[in-house]
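Asks: Okay, handing you the structure first.
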Amino acid sequence: GTEPNISPPDSTAQQDSPFSMTDLFLVSLIVGLFTYWWFFRKKKEEVPDLPKMQSVAAPVRDSSFIEKMKKTGRNIVVFYGSQTGTAEEFANRLSKDAHRYGLRGMAADPEEYDLSDLSRLSEIDKSLAVFCMATYGEGDPTDNAQDFYDWLQEADADLSGLRFAVFGLGNKTYEHFNAMGKYVDKRLEELGAQRIFELGLGDDDGNLEEDFITWREQFWPAVCEHFGVEATGEESSIRQYELVLHTDVNMNKVYTGEMGRLKSYENQKPPFDAKNPFLAQVTENRKLNEGGERHLMHLELDISNSKIRYESGDHVAVYPANDSSLVNQIGEILGMDLDTIMSLNNLDEESNKKHPFPCPTSYRTALMYYLDITNPPRTNVLYELAQYATDAGEQERLRKMASSAAEGKALYLSWVVEARRNILAILQDMPSLRPPIDHLCELLPRLQARYYSIASSSKVHPNAIHICAVTVEYETKTGRLNKGVATNWLKNKVPNENGSNSLVPMYVRKSQFRLPFKPSTPVIMIGPGTGIAPFIGFIQERAWLKQQGKEVGDTVLYYGCRHEREDYLYREELARFHQEGVLTQLNVAFSRDQAEKVYVQHLLKKNKENIWKLLNEGNAHIYVCGDARNMARDVQNTFYEIVAEFGNMSQPQAVDYVKKLMTKGRYSLDVWS
C-alpha cells in the first residue's frame, strides 16, 4: 500500500522539471556572477596591502639596531661619527669596556641604521646610547654622521626614555671647536633624552688620548651608579678576531690593497668614492721650490674616463702606502714570513664588521696598505701588548703608560707622544716585547686617506686634478728620522712608461669652499705656503670666466713663503695671471728675507683701507687656507682690527661682524693643524 503514495510526487516532479531547470540555471548564473564580483573586488582591495607590509618589514631586518641588540643580548650601543677612524676606535674601546660591568656593548656606524629607533631603546633593560662624535672641517658632521645630523635637526621624536652620553672629538685651533659633539648633546636633551654623564670634549691640538681616558674613567662609575651595577673585575684582554691561516688558497680571492670590492683595482667601475677609489695615473710630478731643505711638489692626476667631477675648492683624498722598509723591519723583529695568507674573522658573528681590514690578505699587504704603523699607538694598544713582554720591567712600563694614573699619563706623553715613537720604535726599544703578529694587526688602527686641497679648476682641467704638497720629514727626540706617509709616497710617484709605479688610488670629497656665485663679486684670498693650492684653482677659473666674456670682480691674493728665491710656489704662473689682469693684486710676504719676520697678516694691515673698501662696498668674499694654529687665527684677528677701525665699531661688534660674514658664507676657511 505504500508504493501508490510514493508515485504521485514522482510523476509531478517529471511534469514540473522544465521550470526547475530554468530556475536553477538563473540562480547559478546569479551566484556565479556574484561570486566572480566578490573575488574580483577582494583582489583589488588586497593587492595594495602586500607591498605595504613588505616595505615596513624590510627596514626592521636591515637597519634596526634595536632588533640587533635584542637578538644579541646587548644593552649599550656606541655610535661613532668618524672621518679619520679615531672616533670609531674610541667607540670600539667603550663597547669592549662594557663587559667589565656585566653589560654588553656594540659599536655602530649611524650610516647603517635607522636612528629614529632611539625612541625604542628603553624597551631594552639597562640600555644606554653613547655617541663618539668627531667634528670635521668648519663645524661639520663627518660623512658617516651627516644623515644622523639631518635627522636630529628635523626630528620631533619623543626621546624621554633614552639615556645617553656624548664624547666629542675636536681641535681647539678650529673656529667651531667640537661643534658636532656639543650639538648632539644639546639636541638629545631637547628631545627629552636623559644625560647620564657630562659631555666630554677631546682636543686633538692637545692630547686627545688623555682627554678620552680622563672622561672614560669618570664615565663608567657614573654608569655603574645609574644602573646599580659594579665592575666584575680587572680589565682583561679579549680578542675580537680569530686568526685563520690559508695554506691552499686561490690567489684570485686574496686582497692585494683594494679598499672595497675584491679586484676593484683591476676592474674599475664608477662611481668612485671612499670605498671604491679610482686609480689615477700621475702624469706630472715636479719640484716647485728652487732651494731650501724641504721638498715642495706639484702633481697632476689623470682622471680621464673616470666620470669624476670636481669644483674648485674641493678636496682630493688619496690612499697612500707605508714605507716598505718599515714593514720589512716589523716582519724581521717578529720573525714572521710576511707573505703568509691569513684572515682575521670577527668572533661576534652578528657584527656588521666581519674583518678589521679586507681579508683574506697577506701580513705584508695589511702592514703596507691597511694599517697605520707610523703614528704613536694609543694606550689601549700598549695595554693589550703588555702581556707579551717577557721582561717584567718592560711589562710594568707598558701597563703604567696605559693606566689612568697621573704618573702613567705623563710617561705616555713623554715616552710615546712627544718622542713620536711608532710601533716599530716601541718594538726596537723593548727587546722582550714580541707580540703575535696577528694580534698586532688586530690592534693597529686603519691607515687613513689623506686630503689635499685641489690646485686646479675643472673648467680649465676637466680631466686632471692637481695637488700641491710638501714632504714631511723630521728627526724625533730619539734621533730617528720620521717621514710623512703620504707625502713621501707621492714624492716617489714618478710618471713612467708602464705606469704601474705611478698609480694613485683617489676620490673627490665635496667642500663648502666655493667661489662666489656671481663672477663680478670681489675675492680676497689668503694662503701662505701650500695654502696657495685652492687659489691656483680659483684664479684659473676667474681667468676662464674672463675669457668667456663675463665681468669678473677684483681678484686679490695674499701669499707668503720663507724666501723669495727658495720656496715661492707657482711664481711664474702668478706673475702671468697678474700681468694679464686676472689677478688684480699680488701681495707676497717673504717671512725670512729680512731681519724682522713679515707674514700675510702684516700685508693685510698695510692695505687695510683697500681691504675695508672691498669688504664694505664691494661685498667681497674672504678665503683663508693653510695653518689653523697660528696663521688663520692671526689673519682673523687682523680682520677684527680692520673692521673695528674703519667700521667705527667696538671690538665685540667687529667680532660679531666677521662672525656674520662666516654665517653668510662670505668668510670661508680651509685650514689644517
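The values are calculated or read from the model by the stated rules, or taken from the named source; none is laboratory data. The structure displayed is predicted, hence computed values, not measured ones. Note that we place each Cβ from the backbone using ideal geometry, even for glycine, and neighbour counts take in every protein chain shown. Remember, those area values only see protein heavy atoms, side chains included, never the ligands or the DNA or RNA. Shrake-Rupley method; radii C 1.70, N 1.55, O 1.52, S 1.80 Å.
Asks: Any residue in segment 336-359 that is assigned to a loop (DSSP other than H, G, I, E, B) sitting within a Cβ distance under 7 Å of a residue that is small (Gly, Ala, Ser)? List the pairs, counting only those 6 or more apart or interchain.
Replies: Qualifying pairs under 7 Å: Leu338/Gly331; Leu338/Ser362; Asp339/Ser362; Thr340/Ser362; His355/Ser343; Phe357/Ala366; Cys359/Ser343.
Asks: Residue check, Trp544 against (1) on the phi > 0 side of the Ramachandran plot; (2) open to solvent by 50 Å² or more (accessible area, probe 1.4 Å), all met but one. Which one?
Replies: Exception for Trp544: condition (1).
Asks: Looking only at residues in segment 498-518 that are over 30 Å from Glu617 (Cβ atoms) and more than 25 Å from the chain's Cα centre (by Cα), which one is surrounded by the fewest Cβ atoms within 10 Å (Cβ to Cβ)?
Replies: The initial filter retains those residues of segment 498-518 that are over 30 Å from Glu617 (Cβ atoms), namely 498-510.
Keeping just the survivors that are more than 25 Å from the chain's Cα centre (by Cα) gives 498-502.
Values: Asn498: 6, Gly499: 13, Ser500: 8, Asn501: 11, Ser502: 20.
By that ranking, first place goes to Asn498.
Asks: Go through segment 124-146 and count every residue that is in a loop (DSSP other than H, G, I, E, B), within 18 Å of the chain's Cα centre (by Cα) and without any contact (Cβ under 8 Å) to a residue 60 or more places away in the chain.
Replies: The initial filter retains those residues of segment 124-146 that are in a loop (DSSP other than H, G, I, E, B), namely 124-127, 137-139, 142.
Within this subset, residues satisfying the condition of being within 18 Å of the chain's Cα centre (by Cα) are 137-139, 142.
Among the residues that remain, those that are also without any contact (Cβ under 8 Å) to a residue 60 or more places away in the chain are: 139.
So the count comes out to 1.
Asks: Which of the numbered conditions does Thr521 fail, given that it passes all the others? Conditions: (1) open to solvent by 10 Å² or more (accessible area, probe 1.4 Å); (2) free of Cβ contacts under 8 Å to residues at least 60 places away in the same chain.
Replies: (2)
Asks: What number of residues within segment 66-81 are hydroxyl-bearing (Ser, Thr, Tyr) and buried (at least 23 other Cβ atoms within 10 Å of the Cβ)? Talk me through it step by step, then tell me what you get.
Replies: Restricting attention to segment 66-81, the residues satisfying the condition of being hydroxyl-bearing (Ser, Thr, Tyr) are 72, 80.
Filter once more, so that each one left must be buried (at least 23 other Cβ atoms within 10 Å of the Cβ): 80.
Of the residues in that region, 1 qualify.
Asks: Further question: In this structure, is Lys608 out of contact with any helix residue (DSSP H, G or I) (no Cβ under 6 Å at 6 or more places or on another chain), of a type in the set (Lys, Arg) and at pLDDT 95 or above?
Replies: On the way: out of contact with any helix residue (DSSP H, G or I) (no Cβ under 6 Å at 6 or more places or on another chain): no; of a type in the set (Lys, Arg): yes; at pLDDT 95 or above: yes.
Against the criterion (out of contact with any helix residue (DSSP H, G or I) (no Cβ under 6 Å at 6 or more places or on another chain), of a type in the set (Lys, Arg) and at pLDDT 95 or above), Lys608 does not qualify.
Asks: Being farther than 20 Å from Trp544 by Cα, under 34 Å from the mean Cα position of the chain (by Cα) and at pLDDT 95 or above, is that true of even one residue in segment 568-584? Working first, answer last.
Replies: Our first condition is that a residue be farther than 20 Å from Trp544 by Cα; within segment 568-584, this holds for 568-569.
Add one more test, that the residue is under 34 Å from the mean Cα position of the chain (by Cα), and what stays is 568-569.
Checking which are at pLDDT 95 or above leaves us with 568-569.
Checking segment 568-584: at least one residue is farther than 20 Å from Trp544 by Cα, under 34 Å from the mean Cα position of the chain (by Cα) and at pLDDT 95 or above.
Asks: Could you please find all residues in segment 448-471 being hydrophobic (A, V, I, L, M, F, W, C), open to solvent by less than 10 Å² (accessible area, probe 1.4 Å) and touching an Asp or Glu at 6+ places or on another chain (Cβ under 6 Å)?
Replies: Residue satisfying the conditions is Ile454 alone.
Asks: Conditions first: (1) touching a residue at least 60 places away in the same chain (Cβ under 8 Å); (2) farther than 24 Å from Thr361 by Cβ. Gly228 passes all but one, so which condition is the exception?
Replies: (1)
Asks: Right, here's the next one. Determine, yes or no, whether Lys483 is open to solvent by 50 Å² or more (accessible area, probe 1.4 Å), charged (D, E, K, R) and within 19 Å of Met368 (Cα to Cα).
Replies: Working: open to solvent by 50 Å² or more (accessible area, probe 1.4 Å): yes; charged (D, E, K, R): yes; within 19 Å of Met368 (Cα to Cα): yes.
Considered against the rule, which asks whether it is open to solvent by 50 Å² or more (accessible area, probe 1.4 Å), charged (D, E, K, R) and within 19 Å of Met368 (Cα to Cα), Lys483 comes out as yes.
Asks: Mind checking which pairs have a first residue in segment 413-429 that is over 14 Å from Leu440 (Cβ atoms) and assigned by the TED database to the domain that holds Leu326 and a second that is open to solvent by less than 40 Å² (accessible area, probe 1.4 Å) and part of a helix (DSSP H, G or I), Cβ under 7 Å, 6 or more apart or different chains?
Replies: Correct list of pairs: Trp415/Met401; Val416/Met401; Arg421/Trp415.
Asks: Starting from segment 602-617, take each residue that is within 15 Å of Ala589 (Cα to Cα) and list its partners that are surrounded by 15 or more Cβ atoms within 10 Å (Cβ to Cβ) and among the aromatic types (Phe, Trp, Tyr), counting only C-beta distances under 8 angstrom and pairs at least six apart or across chains.
Replies: Close Cβ pairs satisfying both conditions: Leu603/Tyr558; Leu604/Tyr558; Leu604/Phe639.
Asks: Of all residues in segment 286-312 being open to solvent by less than 40 Å² (accessible area, probe 1.4 Å) and assigned to a strand (DSSP E or B), which is nearest to Asn463 (Cα to Cα)?
Replies: Checking each candidate, the answer is Leu301.
Asks: A further question follows. Would you say Glu442 is farther than 30 Å from Gly260 by Cα and not assigned by the TED database to the domain that holds Ser82?
Replies: Values: farther than 30 Å from Gly260 by Cα: no; not assigned by the TED database to the domain that holds Ser82: yes.
So Glu442 does not fit the description; no.
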